[in-house]
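The structure appears below as structure tokens.
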Amino acid sequence: MDNLLECTIKEIVRQYPETLEVFINNGFALFAEEKVLNELGSILKLQSALRTKKIGIEAFMQLIKDKIEDTAYYNSLFSSMGGNKSGSFNIHIPCGLKGPLERKLQPLLQAIQKNDEIPHNQDMDRAPDLVLTKGYHFFNENFVNKFVNKGLYVAAPQKVVNKQLADLGIVDQEWPYNVICLGISVMVVDRKRLGDLPMPKTWGDLLKPEYERKVMINSRGESFSDAVLLSIYKEYGEAGIAALGRTIHSGSHSAQMIKGLASSNTDLPPIYIMPDFFAHTISSTSTIEIVWPEDGALVTPLFFMVKANKAEKFKELVDFLTGPQVGQICANAYFPSVHPDVSNRLPIDATFKWLGWDYIKEHDIEALIKKLNNWFLVSYRGDQLHNKPSSTERGNLAIGKA
């Protein structure tokens with residue numbers, strides 16, 4: 001993996017097939033076609049490709065490295081289960097928590113997996129024995145009706161919630177989504193690039209005409225931040241999504257946003273929406289300000305689910321996930337923990353913008369996200385021609401000019 005910059009795109013993808021997703025989502029969608037990969041990919045070296053596209057080499061290589069390491073890590077877990085990938089664990093830990101949590105979890109996971117039986121082919125048996133994730137994929141209507149409402153998963157014993165989060169209603173009394181901590185998103189503003197525009201104070205401010213094309217947001221390909229889309233839609237409806245589409249300059253990964261903020265590139269926007277973890281990795285500068293919106297930082301819960309018939313077997317793991325050690329790991333990485341004994345790194349009187357369990361139960365969240373993203377793209381693309389760069393390409397091209 002040391003000399004990947006001197007390898008051709010085809011050589012990299014053949015050696016590490018998992019990296020194709022990174023290429024497709026970060027400016028090289030053309031390699032999704034096998035013919036292009038075999039022909040152009042066989043002669044185009046990665047370093048030349050990045051320079052031609054003006055994509056930041058360091059940021060892109062970090063994405064490649066993370067993807068390869070993640071795949072190797074999960075393959076090692078699956079191999080300890082005898083190669084069975086159809087059941088047992090579905091684990092997706094967000095950036096910022098990957099390193100410390102995975103190091104702590106691996107001994108426990110391996111101990112569980114060594115004696116794990118091969119699941120049967122029935123649907124319920126093929127469902128994950130344990131889920132640990134941040135996001136909304138497990139809130140889709142089919143999964144809820146088929147597994148959650150039928151009692152396949154069980155809630156961990158309820159404990160007192162951290163006093164800083166007590167009024168948020170983040171712990172549900174009915175569903176078995178056991179929240180560990182919160183992924184939160186804030187605004188990061190470059191006052192120099194902002195110029196004479198007023199500093200935004202709320203999420204609603206960003207929908208005003210004066211902020212058109214002034215905001216960069218997290219995206220993967222043409223899929224934009226679930227948390228932002230859902231939050232804007234809940235409060236401002238379809239008109240809010242249309243306004244958001246006009247507000248967004250481009251989409252990118254947070255690591256690339258930070259690289260752009262450190263540059264003198266005038267093509268970049270002044271406002272960035274990113275996880276609080278990434279916001280606190282920005283080198284101190286007099287022109288950069290982290291804005292905790294007055295109407296609250298956006299919330300996406302990190303939670304785990306465990307099958308009822310596995311609860312006793314996984315007791316050690318459940319106790320660990322709900323204990324103070326994991327809670328403090330989360331808090332130290334700017335993921336506020338629900339554990340009552342943990343000191344979270346939060347502003348005084350911090351407020352949060354959370355969908356709420358009632359809203360989630362009333363909607364097929366995964367289907368809603370797809371619909372909102374489509375609505376957003378209609379407004380975002382506007383009169384763009386089809387041969388213009390995609391959202392991610394525009395963000396990467398701008399950042400690459402640093």
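The values are calculated or read from the model by the stated rules, or taken from the named source; none is laboratory data. Note that the coordinates shown come from a computational prediction; the quantities given were computed from them, not determined experimentally. Cβ placement follows ideal geometry from the backbone for every residue including glycine, while neighbour counts extend to all protein chains displayed.
Scan region 1-35 for residues that are within 30 Å of Asn265 (Cβ to Cβ), without any contact (Cβ under 8 Å) to a residue 24 or more places away in the chain and surrounded by fewer than 16 Cβ atoms within 10 Å (Cβ to Cβ) and jot them down. Within region 1-35, Asp2, Asn3, Leu30, Ala32 meet the criteria.
Among residues of region 145-158 being out of contact with any strand residue (DSSP E or B) (no Cβ under 9 Å at 6 or more places or on another chain) and modelled with pLDDT under 90, the one that is surrounded by the fewest Cβ atoms within 10 Å (Cβ to Cβ) is Pro157. For Asn140, the conditions (1) under 19 Å from Val299 (Cα atoms); (2) buried (at least 18 other Cβ atoms within 10 Å of the Cβ) are fulfilled apart from (2).
When Ser343 is tested against (1) modelled with pLDDT under 95; (2) part of a helix (DSSP H, G or I), just one condition goes unmet, and that condition is (2). Against the numbered list (1) under 19 Å from the mean Cα position of the chain (by Cα); (2) in the same structural domain as Tyr380 (by TED's automatic domain parsing), Thr247 comes up short only at (1).
For region 35-74, give me each residue that is at negative phi and assigned to a loop (DSSP other than H, G, I, E, B). Leu40, Gly41, Ser42, Ile43, Leu44, Ile55, Gly56 - these are the residues of region 35-74 that are at negative phi and assigned to a loop (DSSP other than H, G, I, E, B). Can you confirm whether region 188-199 contains a residue that is closer than 28 Å to Ala239 by Cα, in contact with a Leu (Cβ under 8 Å, 6 or more places away or on another chain) and in a helix (DSSP H, G or I)? Scanning region 188-199 turns up at least one residue that is closer than 28 Å to Ala239 by Cα, in contact with a Leu (Cβ under 8 Å, 6 or more places away or on another chain) and in a helix (DSSP H, G or I).
Of the numbered criteria (1) touching a Cys at 6+ places or on another chain (Cβ under 8 Å); (2) more than 12 Å from Leu165 (Cα to Cα); (3) not aliphatic (A, V, I, L, M), the one Asn374 fails is (1). Of all residues in region 306-318, exactly one satisfies the criterion of being of a type in the set (Asp, Glu) and either in contact with a strand residue (DSSP E or B) (Cβ under 6 Å, 6 or more places away or on another chain) or in a loop (DSSP other than H, G, I, E, B) (or both), namely Glu312. Cβ-Cβ distances below 9 Å connect the following pairs, each with a first residue in region 237-262 that is free of Cβ contacts under 8 Å to residues at least 40 places away in the same chain, a second residue that is crowded, with 19+ Cβ neighbours inside 10 Å and assigned to a helix (DSSP H, G or I), and a separation of six or more residues or different chains: Ala239/Leu207; Gly240/Leu207; Gly240/Ile232; Gly240/Tyr233; Ile258/Ala59; Ile258/Phe278; Ile258/Ala279. Scanning region 159-178 for residues that are at pLDDT 90 or above, more than 21 Å from Thr351 (Cα to Cα) and assigned to a loop (DSSP other than H, G, I, E, B) gives Trp175, Pro176, Tyr177. Are any residues in region 228-273 polar (S, T, N, Q), crowded, with 23+ Cβ neighbours inside 10 Å and not in a helix (DSSP H, G or I), and if so, which ones? Selection gives Ser250, Ser252. Taking every residue in region 186-212 that is over 21 Å from Leu298 (Cα atoms) and pairing it with any residue that is of a type in the set (A, V, I, L, M) and outside any helix (DSSP H, G or I), at least 6 positions away or on another chain, the pairs with Cβ-Cβ distances below 8 Å are Arg191/Met199; Arg191/Ile288; Arg193/Leu268; Leu194/Ile271; Glu210/Leu197. Taken over region 282-305, residues that are part of a loop (DSSP other than H, G, I, E, B) and surrounded by 15 or more Cβ atoms within 10 Å (Cβ to Cβ) amount to 5. Within region 206-227, the only residue that satisfies the criterion of being more than 23 Å from the chain's Cα centre (by Cα) and buried (at least 20 other Cβ atoms within 10 Å of the Cβ) is Tyr211. Within region 121-142, residues that are among the small types (Gly, Ala, Ser) sit with their Cβ atoms under 8 Å from residues that are at pLDDT below 85, at 6+ positions apart or across chains, in these pairs: Ala127/Gly87; Gly135/His92.
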